[in-house]
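Here is the structure we will look at.
The values are calculated or read from the model by the stated rules, or taken from the named source; none is laboratory data. All values derive from a computational prediction rather than experimental measurement. Every residue, glycine as well, gets a Cβ built from its backbone with ideal geometry; the counts of neighbours run over all protein chains shown. Please note that ligands, DNA and RNA were not included when accessible areas were found on the heavy atoms of the full protein model with its side chains. Shrake-Rupley method; radii C 1.70, N 1.55, O 1.52, S 1.80 Å.
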Amino acid sequence: MPHTAYHEVEAGTPRELGRKLGLLFGEDMHASVAEARGERGWKARAGPARQLLRATETHFPRLVEELEAYAEAADVALLDLWMVMLEDELGALAPEKCTTVVTNGGRLIAHNEDWDPEAADAICVLKKRIGDVTVLELHYAATPLGGSALSISSHGWVQAINSLDHNDRQVGVPRNVVARWLSQTRDLEGDVARLKSIPRSSGYNHVLVSAEGALYDLECTATRAALSQPATPFAHTNHYLSRELVAFEDGGEDRSTRKRYERACALARDPMSVAQVMALGSDATQGATNSILNRNTIARAVVDFDARAASIWLAREKQKGWVTYPLDFLPAAAWA
């Protein structure tokens, strides 16, 4: 049985997808907008938010069409929806989040999604079909484009997102838009080449793994992007690993990211069983703040390419434990 917080949506175009998601999550979006409007500095962020929206219209017009349809169906103003989706882009930095581990030569991926515990009821499992592509993802109701946590696409790619703090900002395309775009990549190296030419307002870490086991790690700031192909086992948390980008680090030394990273590296091996990577993601030995499983962990996922399955744990339904979803939409060529 799937989670109660599991949804399926099919659409022929991004605009149709936006309309259906707006109807599905409209109530959640209304609540998010009402809460955000009560925050200090909301009105002052409207002008900068419009600049980022214009940049996104230039480079990703179809994704803006999707947001327009979502806003119309949810009966919220597009700018209000957009400002909620920007999360901390224009304000104080939000809590660091997430730990990702890749092992078994890229055939097994584990991801812990960390965010504010109050967001536990905002994250769900969404399976969406847009034209000829299917995506199964951990989806935040207040991030309408999706792709900002963990996603698995029928093009044969898994993307896991880890937040990064950096000291450069500019007017450009927000990181949540970039995450959604890359969640549906067909040609990763070609898309990364294009990404480097697009002005961005901020950046994430993107761990990307193909169904054939090719592992790529993409670290971004607003003005730089570094792509590498690390060996497994591999782990990433919330600080830069690329020597090229370490100088852009903007986080304090009291953060948990390095402690989670060191623990993940210590526990990760190649090969591992699904049960072993689940145990790694459940490690709480470093306390409520610094452990891989910590007080901010609101969802977890393990993607097993060999079994063509994803096992997902949601804090909002933790009584169910791990729920397994078939990945029968993945390309058959990867198992030929």
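Things worth noting here:
- Residues of region 148-177 that are part of a helix (DSSP H, G or I), open to solvent by less than 10 Å² (accessible area, probe 1.4 Å) and under 20 Å from Glu249 (Cα atoms): Asn176 alone.
- Here Ala288 meets each of (1) touching a residue at least 24 places away in the same chain (Cβ under 8 Å); (2) assigned to a helix (DSSP H, G or I); (3) open to solvent by 50 Å² or more (accessible area, probe 1.4 Å); (4) hydrophobic (A, V, I, L, M, F, W, C) with one exception, condition (1).
- Some residue of region 259-281 being modelled with pLDDT under 95 and not in a helix (DSSP H, G or I): no
- Selected residue (criterion: surrounded by the most Cβ atoms within 10 Å (Cβ to Cβ)) from residues of region 117-134 that are out of contact with any helix residue (DSSP H, G or I) (no Cβ under 9 Å at 6 or more places or on another chain) and either among the acidic types (Asp, Glu) or outside any strand (DSSP E or B) (or both): Ala119
- When we screen Arg300, Arg255, Arg295, Arg260 for residues that are charged (D, E, K, R) and either free of Cβ contacts under 8 Å to residues at least 12 places away in the same chain or open to solvent by 60 Å² or more (accessible area, probe 1.4 Å) (or both), the only hit is Arg295.
- Taken over region 1-32, the criterion of being closer than 28 Å to Lys320 by Cα and in a helix (DSSP H, G or I) is satisfied by Lys20, Leu21, Gly22, Leu23, Leu24, Phe25, Gly26, Glu27, Asp28, Met29, Ala31, Ser32.
- For the residues Glu89, Glu137, Glu66, the requirement of being open to solvent by less than 20 Å² (accessible area, probe 1.4 Å), acidic (Asp, Glu) and under 30 Å from Thr232 (Cα atoms) singles out Glu137.
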